[in-house]
Amino acid sequence: IGQEYRRDFIARFSKDLKVAYLRKEINKKLMAIDDGVLEVYKGNKKTLRIPSNVHTIGSSAFSADYDRALKTKKVIIPGTVKTIEKSAFMFSNVRVIVMEEGVETIGNFAFADACLTEIHFPKSIKSIGSRIFDAEVDCNPIKIYVYKDSYAYKELKENEDMIYSEDVKFIFEK
């Protein structure tokens with residue numbers, strides 16, 4: 001029993017240290033990046049470029065429901081980010097998202113209830129989860145910038161029901 005207790009204590013202590021570390025990082029930089037995963041953005045820059053040391057944007061990282069990115073209107077996601085996890089921008093105040101070449105995976109509900117007005121998909125997208133634009137409220141018209149011969153375009157056209165606005169405009173990148 002002594003060894004089991006010690007293992008449990010060490011596991012709980014390690015988790016507490018990680019939480020304390022993330023809190024410290026949030027206080028310093030207004031964002032928490034843990035092992036390449038952007039877990040939280042609490043800043044209010046109008047335009048934010050995700051740092052190049054990030055490879056994944058975590059679930060609810062930009063959710064206004066958790067007081068995150070309340071004044072941020074545009075996010076630029078560099079190609080160093082490979083994955084946007086489920087619900088990463090769900091209930092976000094962000095209106096424009098520019099994904100650069102290199103982003104590959106978008107999780108379920110990634111932009112749900114965000115009511116984006118503009119989004120740019122790179123050719124590098126290989127996987128798109130379900131209901132990425134799902135919304136409970138009426139949203140503004142959305143402009144979707146996409147390459148016509150890309151996986152993203154084919155996926156969005158085949159599943160137009162995943163787009164929350166009836167007023168959708170596909171704009172083809174060259």
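Per-residue surface analysis assigns residue 145 an accessible area of about 40 Å², computed on protein heavy atoms at 1.4 Å probe radius. Just the number, please: carbon plus sulfur as a percent of the accessible area of the stretch 37-174, 1.4 Å probe, no ligands or DNA/RNA counted. Carbon and sulfur together cover 45 percent of it. Stretching the chain fully between residue 101 and residue 35 yields a gain of 21.6 nm (0.36 nm per residue, less the alpha carbon separation). The residues of the stretch 34-89 present an accessible area of 45 Å² per residue when probed at 1.4 Å with all protein chains retained.
The values are calculated or read from the model by the stated rules, or taken from the named source; none is laboratory data. In this text the structure is predicted, and so the values were computed from the model without any measurement. Areas reflect the complete protein model, heavy atoms only, side chains present, ligands, DNA and RNA absent. Shrake-Rupley method; radii C 1.70, N 1.55, O 1.52, S 1.80 Å.
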